[in-house]
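Structure record follows, encoded as structure tokens.
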Amino acid sequence: MNGEVAEEVGLRVVPGAKVWESETHDKGFRLHWWTAEAEAGDVVMDPGEVSAVRWVTAAEFAGLHPVFEEDLAFFDRVLAQL
């Protein structure tokens, strides 16, 4: 996880616990959600990997389109319990 996050947005993270896993309704993707600690630093996108980056709250995420329905389930069922 740490290498992938660093590659795409320039942040180093330390993974914590895996808290959610689900398959998308079309079975095209398996989603994995982890807690993580991000080291201080600037977000630096790799434009070949990422088109935009921003921090959002759970409520803001719910209003984004497109998102996987299964991501919304994470926010409804799991995040509030963390």
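All of the numbers you see were taken from the coordinates with simple rules; none came from a lab. Here the structure is a predicted model, which is why all the values come from computation and not from measurement. Cβ atoms come from the backbone with ideal geometry, glycine included; neighbour counts cover every protein chain shown.
Could I get the Rg over Rh figure for the chain? Both from C-alpha atoms, Rh via Kirkwood, rounded to two places. Walk me through the numbers on the way to the answer.
Details: Rg = 13.6 Å, Rh = 14.2 Å.
Across the chain, the Cα-based Rg/Rh ratio is 0.96.
Let me have the 222 nm mean residue ellipticity of the chain computed from DSSP H runs of 4+ only, each contributing -39500 (n - 2.57), with the sum over all residues rounded to the nearest 500.
Values: 3 runs with 22 residues, N = 82.
Counting only the DSSP helices, I get -7000 deg cm²/dmol.
Residues with beta-carbon under 14 Å from that of residue 7, excluding residue 7: net charge, scoring Lys, Arg +1 and Asp, Glu -1? Before the final figure, lay out the partial values.
Working: positive: 12; negative: 4, 8, 46, 49.
Overall, the nearby charge balance is -3.
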